[in-house]
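A quick write-up on the structure given underneath.
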Amino acid sequence: MKSEPNEGASGLVSNMASSPKITYQEIDLTAGKGQMVSKLWLNHSQVEHQIYEVMLAEVMAAKTRVCAFSLRQLMVLTRLPNYSAIRRGLNGLIQKHSIERYKVVGDGNLRQQVTVYFVFTPEEILERNRFAADRSVLDENSASSKAVIGHAMSRIAERNDLSRREAEVAICCAEGLTNLEIGKRLYISEQTVKFHLRHIFVKYGVKRRTELISQLLSQMNSPSSGKESRK
């Protein structure tokens, strides 16, 4: 099922101030390998990333920057179970600067509005997130905390031996969450959190949570930390 570019949205593309010069004909999905896409993958929830990958593939196939997507179409393409999951995923992607939603006049019917989405590339999303962070009004402590978590995420993203869930648990540890709090955030049991932590400890060569956090934060400026931790 291919998404058709919306003709009524053609003016939208050319008028968007934030629209980069890159064209989708020049984008290669395989170019997303490496730390950049790992960061994006960690930033999205699993449902959000499923929807994002489908939307990016569709706009690339249509060779446009804007496409109309219905909830039903996205549910079929992603095989997600219901409209509610799709809505939550779309709202999450908008909040994380991955897509933008617009209402435009439909072709041939000036009274009918069509919902279209502008889908950003992984490079653009990370740049937009950096820009949004720079403009945020943060106090000194919260800014410092965000910087620390950002570095921890970078170190986790450098590794290729962690599962998605293990990476999420490791990030939560770096944020200082307890096992109970991690379970509530990730919708898993406290016992499952402990299970993932045991695997994470083995992979990082540590025996306790404090050692893991110390390793994640103490290696912030070490470019070879990812390699060293895999030895």
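The values are calculated or read from the model by the stated rules, or taken from the named source; none is laboratory data. This one's a predicted model, so the numbers in the text were calculated from it and none came from an experiment. We place every Cβ from the backbone using ideal geometry, glycine too, and count neighbours over all the protein chains shown.
Okay, here's what the table says:
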{"item": "Sole exception among (1) under 22 Å from the mean Cα position of the chain (by Cα); (2) at pLDDT 90 or above for residue 160, by number", "result": "(2)"}
{"item": "Residue pairs meeting the criteria (Cβ under 9 Å; at least 6 apart or on separate chains; first surrounded by 20 or more Cβ atoms within 10 Å (Cβ to Cβ), in the stretch 168-180; second β-branched (Val, Ile, Thr) and part of a loop (DSSP other than H, G, I, E, B))", "result": "169/188"}
{"item": "Answer from 230, 165, 130, 135 - the residue that is under 30 Å from residue 60 (Cα atoms) and at pLDDT below 85", "result": "130"}
{"item": "Criterion violated by residue 211 - all others in (1) touching a helix residue (DSSP H, G or I) at 6+ places or on another chain (Cβ under 9 Å); (2) modelled with pLDDT under 90; (3) under 20 Å from residue 45 (Cβ atoms); (4) surrounded by fewer than 15 Cβ atoms within 10 Å (Cβ to Cβ) satisfied", "result": "(3)"}
{"item": "Residue check, residue 104 under 26 Å from residue 57 (Cα atoms), at pLDDT below 85, surrounded by 13 or more Cβ atoms within 10 Å (Cβ to Cβ) and assigned by TED's automatic domain parsing to the domain that holds residue 45", "result": "yes"}
{"item": "Of all residues making up the stretch 72-96, the number that are part of a helix (DSSP H, G or I) and under 15 Å from residue 48 (Cβ atoms)", "result": "16"}
{"item": "Long-range neighbours under 7 Å by Cβ, at least six apart or interchain, first residue in the same structural domain as residue 167 (by TED's automatic domain parsing) and at positive phi within the stretch 184-203, second basic (Lys, Arg) and part of a helix (DSSP H, G or I)", "result": "none"}
{"item": "Residue pairs meeting the criteria (Cβ under 6 Å; at least 6 apart or on separate chains; first under 16 Å from residue 98 (Cα atoms), in the stretch 62-80; second surrounded by fewer than 17 Cβ atoms within 10 Å (Cβ to Cβ) and at pLDDT below 85)", "result": "65/13; 66/13"}
{"item": "Residue within the stretch 187-203 that is at pLDDT below 90, within 21 Å of residue 38 (Cα to Cα), loosely packed, with under 15 Cβ neighbours inside 10 Å and not acidic (Asp, Glu) present", "result": "no"}
